Amino acid sequence: MAQYRVVKIDDMEAIAFGTFKRARAELDVTAFGLQILDLPAGMDAYPEHDHSEDGQEEVYFVLRGGGEVEIEGERIPLDPETAVSIKAGTRRKLWPGPDGLRIVAIGGKPGAAYETKGISELGAPDPYAPAPAG
């Protein structure tokens, strides 16, 4: 078995209209959550969430573009020079700027082994895909 994987971000399996890249599964990482979020300029549909149900804290690193992260109602500028950590139970929402926003999101539950989520598995159904006509 290979001890490494190399995958171009744009070649990663994506869901949610291409905005959520399944980086953890593509790279065969099981120790922590890892996704790439590609949010186009003007997108306001990124869901506000808090991870209170699974206890995960998250860290965001901007790879490209910029925007803001709204944390408990306060908007904080994001750019490739800024890193943000957010504890579980804290409300957050991403707002891409005029050039869009590509973010690496790393998550894990403090003091516990990481448990993968079905939505992040390769080949799992895309819950955001339009229902088939018929």
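Take the conditions in contact with a Leu (Cβ under 6 Å, 6 or more places away or on another chain), more than 20 Å from PRO127 (Cβ to Cβ) and basic (Lys, Arg) and apply them to ARG5. Does it pass? Let's see the steps before the verdict.
On the way: in contact with a Leu (Cβ under 6 Å, 6 or more places away or on another chain): yes; more than 20 Å from PRO127 (Cβ to Cβ): yes; basic (Lys, Arg): yes.
So ARG5 fits the description; yes.
Tell me yes or no: at least one residue of segment 67-85 is touching a Phe, Trp or Tyr at 6+ places or on another chain (Cβ under 6 Å) and exposed (fewer than 15 other Cβ atoms within 10 Å of the Cβ). It would help to see each step written out before you state the result.
Kept after step one, since they are touching a Phe, Trp or Tyr at 6+ places or on another chain (Cβ under 6 Å), are these residues of segment 67-85: 67-68, 83-84.
From what is left, the residues that are exposed (fewer than 15 other Cβ atoms within 10 Å of the Cβ) are 83.
Within segment 67-85, one or more residues are touching a Phe, Trp or Tyr at 6+ places or on another chain (Cβ under 6 Å) and exposed (fewer than 15 other Cβ atoms within 10 Å of the Cβ).
If you check PHE32 against the conditions, is it touching a residue at least 24 places away in the same chain (Cβ under 8 Å), within 18 Å of PRO96 (Cα to Cα) and either in contact with a helix residue (DSSP H, G or I) (Cβ under 9 Å, 6 or more places away or on another chain) or of a type in the set (Phe, Trp, Tyr) (or both)?
Details: touching a residue at least 24 places away in the same chain (Cβ under 8 Å): yes; within 18 Å of PRO96 (Cα to Cα): no; either in contact with a helix residue (DSSP H, G or I) (Cβ under 9 Å, 6 or more places away or on another chain) or of a type in the set (Phe, Trp, Tyr) (or both): yes.
When the stated conditions are applied, PHE32 does not pass them.
Considering segment 18-44 alone, what residues qualify as being part of a strand (DSSP E or B) and aliphatic (A, V, I, L, M)? Walk me through how you get there before you give the answer.
Step one: list which residues in segment 18-44 are part of a strand (DSSP E or B), which gives 20-21, 33-39.
LEU34, ILE36, LEU37, LEU39, listed by residue number.
Which of the residues spanning segment 50-65 are part of a strand (DSSP E or B), surrounded by fewer than 18 Cβ atoms within 10 Å (Cβ to Cβ) and either out of contact with any helix residue (DSSP H, G or I) (no Cβ under 9 Å at 6 or more places or on another chain) or free of Cβ contacts under 8 Å to residues at least 24 places away in the same chain (or both)? So that I can check it myself, show each step before the final result.
In the first step, residues of segment 50-65 are kept if they are part of a strand (DSSP E or B); the result is 57-65.
The next check asks that each one be surrounded by fewer than 18 Cβ atoms within 10 Å (Cβ to Cβ); those that pass are 57, 59, 61, 63-64.
The answer is GLU57, VAL59, PHE61, ARG64.
Could you tell me which of the residues ASP99, ASP79, ASP11 is at pLDDT 95 or above, acidic (Asp, Glu) and touching a helix residue (DSSP H, G or I) at 6+ places or on another chain (Cβ under 9 Å)?
On the way: ASP99 fails: touching a helix residue (DSSP H, G or I) at 6+ places or on another chain (Cβ under 9 Å); ASP79 fails: touching a helix residue (DSSP H, G or I) at 6+ places or on another chain (Cβ under 9 Å).
One residue alone meets the criteria, ASP11.
Out of PRO110, PRO125, PRO47, report the one residue that is part of a loop (DSSP other than H, G, I, E, B), within 15 Å of the chain's Cα centre (by Cα), exposed (fewer than 12 other Cβ atoms within 10 Å of the Cβ) and not small (Gly, Ala, Ser).
Answer to the selection: PRO47.
What number of residues in segment 17-44 are within 10 Å of the chain's Cα centre (by Cα) and either exposed (fewer than 13 other Cβ atoms within 10 Å of the Cβ) or among the acidic types (Asp, Glu) (or both)?
1
Filter segment 104-134 down to residues that are in contact (Cβ under 8 Å) with a residue 60 or more places away in the chain and either of a type in the set (Ser, Thr, Tyr) or under 15 Å from ALA45 (Cβ atoms) (or both), then give me how many there are.
Count: 7.
The values are calculated or read from the model by the stated rules, or taken from the named source; none is laboratory data. Please read these numbers as outputs of a predicted model, since none were measured by experiment. Cβ coordinates were reconstructed from backbone atoms using ideal geometry, including for glycine residues, and neighbour counts include every protein chain displayed.
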